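Structure first, commentary second.
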Amino acid sequence: MGHIQRTVSDNGHWAIEAHGLVKVFGDKRAVDGVHLNVRAGTIYGVLGPNGAGKTTTVRMLATLLRPDEGSARIFGYDVVKEPQIVRQLIGVTGQYASVDESLSAIENLVIFSRLLGLSRTEARRKAAELLEEFGLTEAAKRPLKHFSGGMRRRLDLAASLIAQPPLIFLDEPTTGLDPRTRNQMWETIRRLVKQGSTVLLTTQYLQEADELADRIAVIDRGRVVAEGTADELKASVGSSSLQLKIQQETDIEKACQTVEGVLKVRANVSLETGKITAPMADADRVTDLLIALREAGIHLAELSVQKPTLDEVFLTIIGHGVKEDGDIFATSNETTEVGI
Amino acid sequence: MRHSASELMAKRQLKSRLSFGQTVRNSLTMAYRGVLKIRRTPEQLFDVTLQPIIFTLMFTYIFGGAIAGNVQSYLPIIIPGILVQTVIGTSIVTGVQLREDMDKGVFDRFKSLPIARIAPLAGALLADTIRYTIATVLTFVMGYIMGYRPEGGLGSVVIAAVFVIVCSWAISWIFAFFGVIARTASSVQGISMLVLFPLTFLSNAFVPVKTMPDWLQWFAKINPISHIITAVRNLINAGTIGWDFAVSLIGAAVIVAIFAPITVRVYMRRA
């Protein structure tokens, strides 16, 4: 096995090309014209609230559901015309663990391995290897009923990796997992990509998409409403903002005037936190501002620069109805503290 | 260690068609899965173990005196009847379990694997022949304990057992079809019972057909279950294989020829 770095030509290679995918259930257009292009060897995040059409999209790409309109190709093979070939190139880990509840972990993996054409001894070896890799060796013989959510997900992922598929679909791989297990899952996903796989991951956690994905598609009501890298998406919402906290509350008024005077922007004062927030279009000006503040005798307690979070991106793009219960999304706080 | 994505692609040979051998291997693996499931949840064998015991005891002692004069001379009539009723009744479970199975996430994985599309169905049906075998053996053992000595001898009993299992396997395709089209497992159970109950009781299983009113005789005589039962009686009581045996097997073949393809097609469309 050669140790070749991913080459440029690989990056010119599409793992997924989906054009205008549509799926209608009754009178609901669950997926309404989704376009996706995913480069081989990358992690692609599909981000959206519940019921946005993420799972339906994945099921169509994974040959589990026939698209009503549009087409999709996996490494150049059409999902409708050549499903048998596509299935040899993908691994699917569903939203609900797609493993057999009544059997043990090792029995599950042996059966899937046998179905994939491994001999009896190869299947046993592969199963043992994967259980070891995913830290499930001790629980190998226990029935899955006694497995925790995290163990089930890991087994599920292990089952998707038997044939080392070049493309892996992970449908909400960390929903319902505790933070520690979630971090382990992230590590595993990163390792997969290092080994050359392409991963398409759906998630409703902004932080997860931000941490893992090279590119993100924000999907809402069956449509892709934004697409790009996490930074591009953030940049599309606006610039970073500068936050200042003043030591003496009585100075706030004066400080605010200074900020507006030097940066030539409107500043906001939050009375609850006693913070001044101002858009930071030009980072160079901050030096002038700090000098001006010192000359005015205003002492700072805290200074920070905040990039827009994916939450803001999400709320700005999707906008409808999620603002109130924005807490359902894990927040990604990108505050960079600048020491004074 | 880094591998390139194209390297992961290059080492696989992509096939657009599955060989017949691979289809059989996939089905056998799925049957192995079914056997493992039975071993893990032995309580699902309650029906096939208790029904032959209870029905044989109950019906023989209730009807024996009235229909055949005494229990002993009723046994050659009732044992084939209960055998066929029980084993075919067991084949309903195939459809119910198939529905339950298809509702689980694991079926998504089977569908996403490059395996023969028929394998999950064929495997499930194959594993269920174990249940039929248990029911068959227990019915004969109960009969033996109650004093039944088939005159056709052990050889014909074995042939009759295989014959009943083959017929039930064929009929289970009907219930498998109900299984793939129904919304819930309990509706499969309901529809199947509704079909099977009249079929097994409006037959020659428990009473001679000539005691029934004319219109019912007509039905009982064309009822395929009656043919299977008559074939089994001829085999184990006289050791003869006749017209009923042939008709039953032809019927079984026709059922498979019709229901296997449409079941697989519906299953795949739902897939």
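Looking at A:242, A:233, A:206, which is the one that is surrounded by 21 or more Cβ atoms within 10 Å (Cβ to Cβ), farther than 18 Å from residue A:49 by Cα and in contact (Cβ under 8 Å) with a residue 24 or more places away in the chain?
Working: A:233 fails: farther than 18 Å from residue A:49 by Cα; A:206 fails: farther than 18 Å from residue A:49 by Cα.
Step by step, each of A:242, A:233, A:206 is checked, and only A:242 is surrounded by 21 or more Cβ atoms within 10 Å (Cβ to Cβ), farther than 18 Å from residue A:49 by Cα and in contact (Cβ under 8 Å) with a residue 24 or more places away in the chain.
If you go through the stretch A:112-131 one residue at a time, how many are open to solvent by 10 Å² or more (accessible area, probe 1.4 Å) and within 8 Å of chain B (Cβ to nearest Cβ)? The number of residues fulfilling the criteria is 3.
Give me the residue from the stretch A:87-102 that is touching a Leu at 6+ places or on another chain (Cβ under 6 Å) and modelled with pLDDT under 90 and, out of that set, most open to solvent (accessible area, probe 1.4 Å). Restricting to residues being touching a Leu at 6+ places or on another chain (Cβ under 6 Å) and modelled with pLDDT under 90, the top hit is A:101.
Might you check whether a residue that is outside any helix (DSSP H, G or I), at pLDDT below 85 and either within 14 Å of chain A (Cβ to nearest Cβ) or open to solvent by 40 Å² or more (accessible area, probe 1.4 Å) (or both) occurs anywhere in the stretch B:57-77? No, there is no match, as no residue in the stretch B:57-77 is outside any helix (DSSP H, G or I), at pLDDT below 85 and either within 14 Å of chain A (Cβ to nearest Cβ) or open to solvent by 40 Å² or more (accessible area, probe 1.4 Å) (or both).
What's the number of the only condition in (1) open to solvent by less than 40 Å² (accessible area, probe 1.4 Å); (2) over 14 Å from residue B:106 (Cβ atoms); (3) more than 10 Å from chain B (Cβ to nearest Cβ) that residue A:109 fails to meet? Unmet for residue A:109, out of (1) open to solvent by less than 40 Å² (accessible area, probe 1.4 Å); (2) over 14 Å from residue B:106 (Cβ atoms); (3) more than 10 Å from chain B (Cβ to nearest Cβ): (2).
For the structure I just gave you, tell me whether residue A:73 is open to solvent by 30 Å² or more (accessible area, probe 1.4 Å) and under 18 Å from residue A:199 (Cβ atoms). Yes; evaluated as a whole, the condition is true for this residue. Residue B:84: over 24 Å from residue B:161 (Cα atoms) and crowded, with 24+ Cβ neighbours inside 10 Å, yes or no? When the stated conditions are applied, residue B:84 does not pass them.
From the list A:90, A:74, A:85, pick out the single residue that is more than 9 Å from chain B (Cβ to nearest Cβ) and either touching an Asp or Glu at 6+ places or on another chain (Cβ under 7 Å) or among the hydrophobic types (A, V, I, L, M, F, W, C) (or both). When all the criteria are applied, what remains is A:74.
Scanning the stretch A:172-189 for residues that are of a type in the set (A, V, I, L, M, F, W, C) and either within 11 Å of residue A:149 (Cα to Cα) or part of a loop (DSSP other than H, G, I, E, B) (or both) yields a count of 1.
Determine which member of the set B:185, B:257, B:205 is surrounded by 19 or more Cβ atoms within 10 Å (Cβ to Cβ) and among the small types (Gly, Ala, Ser).
Every option except B:205 fails the conditions.
The values are calculated or read from the model by the stated rules, or taken from the named source; none is laboratory data. Just so we're clear, the structure is a prediction, and the values are computed from it rather than from any experiment. Every residue, glycine as well, gets a Cβ built from its backbone with ideal geometry; the counts of neighbours run over all protein chains shown. When the accessible area is computed, the model is the full protein with side chains, heavy atoms only, and any ligands, DNA or RNA have been set aside. Shrake-Rupley method; radii C 1.70, N 1.55, O 1.52, S 1.80 Å.
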